[in-house]
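**Student:** I am attaching a structure below and will ask some questions about it afterwards.
The values are calculated or read from the model by the stated rules, or taken from the named source; none is laboratory data. Owing to the predicted nature of the structure, the values given are computational and were not obtained by experimental measurement. For neighbour counting, all protein chains shown are included, and Cβ atoms are generated from backbone atoms with ideal geometry for every residue, glycine included.
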Amino acid sequence: MEAFLLGLQPNSGSETDQVWAKSQLPGQREAQKLGVQFMERVNERNNQPHLFASDEETVQATYEKCRELTWPKLKNSTRKQYEENFNSYPLPEFGGWKLRKLKTIDLQASLP
């Protein structure tokens, strides 16, 4: 049976996977329409305000949180590179800045 798949991998069990049997959809346009509707629901859930940085969270605090929660899952070489990159550029310049106040233009303006 042929199927249209939207998401990561078939049968991975991820919440971002969605499979429809081709017999349910007359063509690609209908599959795209269902895919767009599905991703709107996913994005709505992912863009909830309580998931964003608080008004008080700084670049330094976010760095420390990432270092504690996600970096242990990285390879040592990747972790070392992240440490070097953060300590040589964004932390000295922006560590105390509130994350929500930091703009792309601020980062771009401070690049060498």
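**Student:** List every residue pair whose Cβ atoms sit under 9 Å apart, with the two residues 6 or more apart in sequence or on different chains, where the first one lies in segment 29-56 and is not assigned by TED's automatic domain parsing to the domain that holds residue 103 and the second, anywhere, is at pLDDT below 80 and among the hydroxyl-bearing types (Ser, Thr, Tyr).
**Tutor:** Close Cβ pairs satisfying both conditions: 38/16; 39/16; 42/16.
**Student:** Residue 19 versus (1) within 15 Å of the chain's Cα centre (by Cα); (2) at pLDDT below 80: which is the lone unmet condition?
**Tutor:** (1)
**Student:** Quick check on my filter: what residues within segment 57-92 are in contact (Cβ under 8 Å) with a residue 40 or more places away in the chain and not in a helix (DSSP H, G or I)?
**Tutor:** Passing the criteria: 57, 58.
**Student:** So which of 98, 73 is surrounded by 13 or more Cβ atoms within 10 Å (Cβ to Cβ) and not polar (S, T, N, Q)?
**Tutor:** 98
**Student:** Here are some residues: 30, 57, 68, 83. Which one is at pLDDT 75 or above and out of contact with any helix residue (DSSP H, G or I) (no Cβ under 9 Å at 6 or more places or on another chain)? Quick ask: steps written out before the conclusion?
**Tutor:** Details: 30 fails: out of contact with any helix residue (DSSP H, G or I) (no Cβ under 9 Å at 6 or more places or on another chain); 57 fails: out of contact with any helix residue (DSSP H, G or I) (no Cβ under 9 Å at 6 or more places or on another chain); 83 fails: out of contact with any helix residue (DSSP H, G or I) (no Cβ under 9 Å at 6 or more places or on another chain).
One residue alone meets the criteria, 68.
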